[in-house]
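Colleague: Below you'll find the structure I mean.
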Amino acid sequence: MIIVYSATWCAYCHAVMAYFDKQGIKYEVRDIEKDKQASKEIVDKSGQMGIPVIDIDGTIIVGFDRARINTVLKDKKLI
């Protein structure tokens, strides 16, 4: 399961989601502004409030780090 923690104003969040869409990768979006539990989750998972935070089956990536995202997706056999 892939979760993208984002906000509507976050350009990098939109870039991550567009990248996943282009690759045909399914993900769940949790808007930290609308969902206070999601806001708490990103602090628990990443230790910070920066977004995007991407949770790929338990591996946490902060920011749109395409190389790391691809590595994790391959390691977890999601691509």
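Colleague: Expressed as a rounded percentage, what relative contact order does the chain have, with Cα pairs under 8 Å and six or more residues apart?
Modeller: Contact order relative to length: 33 percent.
Colleague: Express as a percent, rounded to the nearest 5, the fraction of DSSP beta bridges in the stretch 2-75 (both residues included) that run antiparallel.
Modeller: So the antiparallel bridges in the stretch 2-75 amount to around 65 percent.
Colleague: Taking only Cα atoms, what is the 0 to 90° angle, nearest 10, from helix 66-75's long axis to the longest principal axis of the chain?
Modeller: The two axes meet at around 60 degrees.
Colleague: Step through the table entries Lys22/Lys77; Lys36/Lys77; Lys45/Lys74; Lys34/Lys76; Lys34/Lys77, compare each Cα-Cα distance with 27 Å, and write down the pairs that go over it.
Modeller: Lys36/Lys77; Lys34/Lys76; Lys34/Lys77
Colleague: Go through 50-59, 34-43 and give me the packing order, highest mean Cβ count within 10 Å leading.
Modeller: Most protected by this proxy first, the peptides run 50-59, 34-43.
Colleague: Rg/Rh for the chain to two decimals, with Rh computed the Kirkwood way over all alpha-carbon pairs.
Modeller: 0.93
Colleague: Okay, next question. How many angstrom lie between the Cα centre of the stretch 63-79 and the Cα centre of the stretch 30-47?
Modeller: Cα centroid of the stretch 63-79 versus Cα centroid of the stretch 30-47: 21 Å apart.
Colleague: Per DSSP H run of at least 4 residues, take -39500 (n - 2.57); add these up for the chain, divide by its residues and hand me the 222 nm value, nearest 500 deg cm²/dmol.
Modeller: Mean residue ellipticity, 222 nm, calculated: -13000 deg cm²/dmol.
Colleague: Taking the Cβ of Lys45 as the center, what net charge do the other residues with Cβ under 13 Å away carry, scoring Lys and Arg +1 and Asp and Glu -1?
Modeller: -2
We did not get these values from a lab; they are worked out from the coordinates using the rules stated. If you're wondering where the values come from, they're calculated on a predicted model, not measured in any experiment. Virtual Cβ from ideal backbone geometry, glycine too; neighbours counted across all protein chains shown.
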